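Please read the structure below before turning to the comments.
The values are calculated or read from the model by the stated rules, or taken from the named source; none is laboratory data. Only a predicted model underlies this, so the values are computations on that prediction, with no experimental measurement involved. Ideal geometry is used to build each Cβ from the backbone, glycine not excepted, and the neighbour counts take in all protein chains shown.
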């Protein structure tokens, strides 16, 4: 059955920072929500682009040559093969679109890495 998704309700179910939760899938991609605060690790997705949409707050996506500041309502696509490190000085709510096989932190393993099978549906 098709159902509408209330983002505010879904974000209320995200209880940990840097731990994406799945809210839908389309065309071989997951739609995920995450709350960000602090710094993620530097990582690369060799074969997948990654779409970040800021729903609430502000984030910075650090790239090797520049940093991209995103506010509510803004989005950015990190091209595949691009090293990046998202950061949020205050809590931010972000929607992500990425292929279902995309590893959370690429080939980089850290305490923040969440395996795909552990990124629960909410």
Report the residue count in region 70-101 for those that are touching a helix residue (DSSP H, G or I) at 6+ places or on another chain (Cβ under 8 Å) and either free of Cβ contacts under 8 Å to residues at least 40 places away in the same chain or surrounded by fewer than 20 Cβ atoms within 10 Å (Cβ to Cβ) (or both).
3
Would a scan of region 71-89 turn up a residue that is outside any loop (DSSP other than H, G, I, E, B) and over 13 Å from the mean Cα position of the chain (by Cα)?
yes
From the set of residues in region 25-36 that are modelled with pLDDT under 95 and over 11 Å from residue 119 (Cα atoms), which is surrounded by the most Cβ atoms within 10 Å (Cβ to Cβ)?
29
Would you be able to tell me the number of residues in region 19-59 that are part of a strand (DSSP E or B) and in contact (Cβ under 8 Å) with a residue 40 or more places away in the chain?
23
(1) surrounded by fewer than 18 Cβ atoms within 10 Å (Cβ to Cβ); (2) more than 20 Å from residue 100 (Cβ to Cβ); (3) in contact (Cβ under 8 Å) with a residue 40 or more places away in the chain: which one isn't true of residue 16, the others all being true?
(3)
